[in-house]
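**Q** This structure is in structure tokens; I'll ask about it shortly.
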Amino acid sequence: MPPRVLVVDPQHPDEGALGEAVAILRRGGLVAIPTETVYGLAGRALDPAALARIYEAKGRPRTHPLIAHVEGEAQAQRLADRWPEAAALLASHFFPGPLTLVVPRASTVPAEIAAGGATVAVRAPSHPIARALLVALGEPLAAPSANRYQSVSPTTAAHVVRGLGDAVELVLDGGACTHGIESTVVDVSVTPPRLLRPGALSIAAIRAVVPDLVVPEEGAVVSASEVRASPGLDARHYAPRAHVEIVEGQDAAFRRAGELAVAGKKVALLVRSPVRRSMLTGLGMSVSILGESPAHYATQLFATLHEADDRGVDVMVVEALPAHEDWFAIRDRLRRARA
Ligand code: TXA
Ligand code: MG
């Protein structure tokens, strides 16, 4: 049986829908919720049984810790054993928003959320539905992206339904997510703070507040077996079913997509700016234009990957992206999609 889907207006979240979600959460169930980054699979963060259900629903190994979603800094602090100076600085600038902070874990926070580790990840989402739900519930929510382990994160309620089916009881449909890519994760339990996962909040924005931020070399992969590792840093993650090829230059990408289409493959070409029209579009090649800025590209990326899978695309040919740090998060997701 598919989950129930309730359409909720982000501007005026319906009390009835929020009430249903709260009731499900209070009895230990799971609800998929929109956030400004991607949809999350939410369960009560302080309830080990709910946490177990989340791991089960996602098919996620228990070595991969979950993010606790909170109303704001005060609630985040209650989950932390210590609130480092960098946490205070970053929270004052970026909470609520697409930033996750890894802090020392308070002893009252179940070890299950942190995969047994000594830290806990906290984030205050800015999406009005997520915020309203957190306020109505009055306690933090664990919410990983609402997809099966190692598949593409959902940016619409339809993606959630297709990916999780009846593993979730209720989906609050607040429309498409504005950022379309997951939050940036920064470990502030260490000094200097360290970037664990590039994401929706730019590295430049974080550096402006914490100039000594350590940014690992692009493409550095952290072992999945390390408890402290970010699950988003598995080599294969965010992966579509289609094979992904990254080609330098739009012309070369266009030619490569054409070759594959002529060879009988169903091809999706992903570029940043409009390409010339081609007869090949009728011949099993589709073209998606994702945009010239990292922010715009990010809003389109996961939806484009989902759509290509739905259409049974064999190969996605992706025009390579600039090596500039502003593209770091998107280059990261594409690299993993190809792995
Ligand atoms: O945008 C987002 O962050 C979305 C929405 C739903 O909020 N959530 C999300 O959760 O992407 P998930 O579970 O798919 O990714 C969890 C990320 C990992 O990549 C990892 O970086 C980090 O959270 N994480 C969680 N707990 C951690 C911990 N104790 N130490 C290090 N990293 C942790
Ligand atoms: Mg995820």
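The values are calculated or read from the model by the stated rules, or taken from the named source; none is laboratory data. Quick caveat: nothing in here was measured; it's all calculated off a predicted structure. Ideal geometry is used to build each Cβ from the backbone, glycine not excepted, and the neighbour counts take in all protein chains shown. Ligands, DNA and RNA are stripped out before the accessible areas are found, and what is left, the full protein with its side chains, is counted by its heavy atoms. Shrake-Rupley method; radii C 1.70, N 1.55, O 1.52, S 1.80 Å.
**Q** From the list Ala136, Ala158, which residue is part of a helix (DSSP H, G or I), surrounded by fewer than 23 Cβ atoms within 10 Å (Cβ to Cβ) and free of Cβ contacts under 8 Å to residues at least 24 places away in the same chain?
**A** Just a single option satisfies the conditions, and that option is Ala158.
**Q** OK, next. Can you find even one residue in segment 48-64 that is touching a Gly at 6+ places or on another chain (Cβ under 6 Å), farther than 12 Å from Ser145 by Cα, open to solvent by less than 20 Å² (accessible area, probe 1.4 Å) and not in a loop (DSSP other than H, G, I, E, B)?
**A** Yes, some residue in segment 48-64 is touching a Gly at 6+ places or on another chain (Cβ under 6 Å), farther than 12 Å from Ser145 by Cα, open to solvent by less than 20 Å² (accessible area, probe 1.4 Å) and not in a loop (DSSP other than H, G, I, E, B).
**Q** Ok, one more. Pick from segment 20-35 the residues that are touching a residue at least 40 places away in the same chain (Cβ under 8 Å) and open to solvent by 40 Å² or more (accessible area, probe 1.4 Å): which of them is nearest to His69 (Cα to Cα)?
**A** Filtering segment 20-35 for residues that are touching a residue at least 40 places away in the same chain (Cβ under 8 Å) and open to solvent by 40 Å² or more (accessible area, probe 1.4 Å), the one nearest to His69 (Cα to Cα) comes out as Arg26.
**Q** Step by step: first the residues of segment 106-132, then only those that are in contact with a helix residue (DSSP H, G or I) (Cβ under 7 Å, 6 or more places away or on another chain) and open to solvent by less than 50 Å² (accessible area, probe 1.4 Å), then the one that is farthest from Leu66 (Cα to Cα). Which residue is that?
**A** Selected residue: Ala132.
**Q** Sort out which residues of segment 65-105 are assigned to a strand (DSSP E or B) and buried (at least 20 other Cβ atoms within 10 Å of the Cβ), and write them in order of number.
**A** Ile67, Ala68, His69, Ala80, Leu99, Thr100, Leu101, Val102, Val103, Arg105
**Q** Name the residues in segment 139-155 that are surrounded by 24 or more Cβ atoms within 10 Å (Cβ to Cβ) and assigned to a loop (DSSP other than H, G, I, E, B), would you?
**A** Pro140, Ala143, Pro144, Ala146, Asn147, Val152, Ser153, Pro154, Thr155 - these are the residues of segment 139-155 that are surrounded by 24 or more Cβ atoms within 10 Å (Cβ to Cβ) and assigned to a loop (DSSP other than H, G, I, E, B).
**Q** Within segment 296-323, track down each residue that is within 17 Å of Thr184 (Cα to Cα) and over 14 Å from the mean Cα position of the chain (by Cα).
**A** His296, Tyr297 - these are the residues of segment 296-323 that are within 17 Å of Thr184 (Cα to Cα) and over 14 Å from the mean Cα position of the chain (by Cα).
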